[in-house]
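Read the structure below first, then the notes.
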Amino acid sequence: MYLACTQVLCSPACYNLAQIVQLFVTYNIFCKAMNIEITKITNSRLSETDFSDLGFGKTFSDHMFIADYTGGEWRNFRIVPFGNITISPAASVFHYGQAFFEGVKAYKHADGQVSIFRPYKNAARFNRSAARLCAPKVPEQLFVEAMARLIDLDREWVPQHVGNSLYIRPFMIATDALLGVRPSDEYQFMILTGPSGAYFPKPLNVKIETHYTRACEGGIGFAKAAGNYAGALMPSQLAHKEGFDQLIWTDANKHEYIEEMGAANLMFVLNDTLITASCRDTVLEGVTRDTILELARYEHMNVEERRVSVKEIIEGLKDGSLTEAFGVGTAATIAPIAAITFEGERFQLAEAPETSFSKRTLKKLNDIRYGLAEDTFGWNYFVQNF
Ligand code: PLP
Ligand code: COI
C-alpha cells in the first residue's frame with residue numbers, strides 16, 4: 001500500500017487531485033484501522049464465465065466480503081471464496097425480515113483502471129435503511145473500503161465493454177437465533193459482486209398500478225428493505241401475465257400520484273421540463289436519480305421534483321406534451337418506456353431521438369463512468385492496487 005501510494009504521488013500526470021486525495025485517505029484508513037483477513041480461492045471460475053452473455057445477477061465473482069456484528073461492534077472482517085454460508089434456521093432474518101441491501105456498480109476504463117460510482121451515496125442510504133430497520137450502522141469507510149478491497153482482488157471480473165459493469169451487492173441480515181420479536185443483537189454484513197449486462201434489454205411496456213401498493217406514509221418504502229421487494233412480487237407477476245414488463249407504483253391513499261417504476265425511480269420530460277416524484281417515505285432516494293437531476297441542472301434544463309399526478313401524465317400522453325418517460329436506477333441505468341397503460345387504455349411513446357434528454361444523458365453518464373470524459377463531479381471512486 002505504501003508503495004502504491006508513493007508510486008501514484010510520483011506520477012501525477014496519470015492521476016488527478018481527487019485520486020491523490022482518495023489514496024491518502026485510503027492509506028490512512030488501512031494503516032490505522034482495517035484488518036481484512038483474505039482467503040483466496042484455489043480455482044477461479046473466471047475462465048468458465050461467458051462475458052458475452054452476462055444478463056443480470058446470475059454470475060458471481062470469485063470472492064465475497066463478510067463482517068460480523070457481535071457485542072455491539074463490527075469485527076472479523078474477511079474476504080473468502082464466494083460460497084454458501086451457515087446460519088441458524090432460527091435467525092431473525094428468516095422470520096421477521098430484518099434484511100436490507102444496496103446496489104452499486106464498478107466500471108473498467110480503457111486504461112484498465114476500475115472505478116466505483118458514488119459508493120458513499122450508497123453507504124449513506126444503507127445506514128438510513130439500517131436506522132429504519134433497527135440494525136447497526138456500518139461505518140461508511142468500512143462499507144467503501146471493504147468493497148474496494150474485494151474488487152481489487154477480483155479485478156479481472158470487471159467487464160470491459162460499455163453497457164457491462166461489475167454489479168456490487170452489499171447487504172445486512174439479522175442473525176440472532178431467537179424467535180422473540182425484537183431487533184436482533186447480532187448481524188452479518190456482506191458484499192457480493194458479479195459481472196452484469198443490461199437489466200432491461202428493451203424499451204418497456206408498463207402499467208400504472210391502481211390497486212396494489214409498494215409503500216405507504218410512515219412505512220419503509222424509502223429504505224432498501226428486502227421486504228419491499230417481496231411485497232412487490234405478486235402484483236408484478238400479475239402485470240407480467242397481462243403482458244407488461246413493469247409496474248408504475250402510485251400513492252397508497254388514492255393512487256393519484258406517481259411514485260416509482262418497479263425497482264427504479266421514474267422521470268418524464270413534460271413540456272420540455274424534467275419532472276420526477278419528490279422523495280418522501282414512499283420513494284427510494286435513488287443515486288441515479290440524484291445524478292441525472294444534477295446533470296440536467298448542469299445543462300440548465302428545467303427540473304421539478306414534486307408530486308406528479310397520474311392525471312397530468314395521461315393528459316401529456318394524450319396531447320403530446322409528454323415526450324419522454326424512463327426509469328432510472330443502478331441496475332436499470334436509464335430505461336426508456338415505450339408504452340404506458342392506464343385503466344386499460346394504452347398510450348404509445350415514440351422512440352426518443354439521439355438528441356433527446358434521456359439518450360444524451362445516458363451517453364454523458366457512460367462517458368463519465370467508463371472514463372471517456374472528465375469526471376468534473378468527482379463521482380468515480382478509483383479502486384487502488386492494495
Ligand atoms: N427505487 C427502487 C425501489 C429501487 O430498488 C432502486 C434501485 O436501486 C431505485 C429506485 C434506484 O436507486 P439507485 O439509482 O440508487 O439504484
Ligand atoms: C439496483 O438497481 O441496484 C437495485 O437494487 C435493483 C435490483 C432490485 C435489481
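Where the only charges are on Cβ atoms (+1 Lys, Arg; -1 Asp, Glu), what is the dipole of the chain about its Cα centre, to the nearest 20 debye?
Values: 37 positive and 44 negative charges, 104 e Å.
Result for the chain is approximately 500 debye, rounded to the nearest 20.
Among Val181, Val93, rank each residue by its count of other Cβ atoms within 10 Å, from fewest to most, as a rough exposure measure.
Numbers: Val181 8, Val93 19.
Fewest to most other Cβ atoms nearby, the residues stand as Val181, Val93.
Quantify how much of the Cα-Cα distance distribution of the chain extends past 33 Å, in percent.
Details: 25304 of 74305 pairs.
Here the tail beyond 33 Å accounts for 34 percent of pairs.
Calculate the FRET efficiency for Met301 and Arg346 from the Cβ-Cβ distance with a Förster distance of 30 Å, rounded to the nearest 0.05. Please report the intermediate quantities before stating the final value.
Details: r = 28 Å, r/R0 = 0.95.
With R0 = 30 Å, the Cβ-Cβ based efficiency is 0.60.
For the stretch 291-381, state the semi-axes of the equivalent ellipsoid (square roots of 5 times the eigenvalues of the alpha-carbon gyration tensor), sorted largest first and rounded to whole angstrom. Mind showing how you got there, number by number?
Values: eigenvalues 158, 39, 29 Å².
After scaling each eigenvalue by five and taking roots: 28, 14, 12 Å.
Go ahead and collect, in residue order, the members of the stretch 231-267 whose backbone nitrogen is under 18 Å from a label point 7 Å along the Cα-Cβ direction of Asp319.
So the set is empty, nothing qualifies.
Within 10 Å, count the other beta carbons around each residue, average over each peptide in 36-48, 116-128, and list them highest first. Please report the intermediate quantities before stating the final value.
On the way: 36-48: 11.8, 116-128: 20.4.
So the order, starting with the most tightly packed, is 116-128, 36-48.
Please list log₁₀ I(q)/I(0) at q = 0.13 Å⁻¹ for the stretch 79-152, using the Debye equation with identical point scatterers on the alpha-carbon positions.
The Cα Debye sum returns log10 ratios of -0.52.
Can you give the log10 of the normalised intensity I(q)/I(0) at q = 0.17, 0.22 Å⁻¹, computed with Debye over equal Cα scatterers of the stretch 153-269?
Listed by q, the Debye log ratios stand at -1.05, -1.22.
Between Ala124 and Glu374, what is the spin-label point distance in nm, taking each point 7 Å from the Cα along the Cα→C-beta axis?
About 2.5 nm separates the two model spin labels.
When N is the residue count of the stretch 109-190, what does its C-alpha Rg come to as a fraction of 2.2 N^0.38 Å?
Working: Rg = 15.8 Å, N = 82, 2.2 N^0.38 = 11.7 Å.
Cα Rg divided by the expected 2.2 N^0.38 Å: 1.34.
Where the Cα atoms of the stretch 48-96 are projected onto their three principal axes, how long is each span, largest first, in whole Å?
Reported extents, whole Å, longest axis first: 45, 26, 15.
In square nanometres, what is one fourth of the surface area of the convex hull spanned by the alpha carbons of the stretch 230-386?
Averaged projected hull area, Cα only: 11.3 nm².
Read the figures in this text as sums done on the coordinates, not as results from a lab. Only a predicted model underlies this, so the values are computations on that prediction, with no experimental measurement involved. Counting neighbours? That spans all protein chains shown, and the Cβs are built from the backbone with ideal geometry, glycine included.
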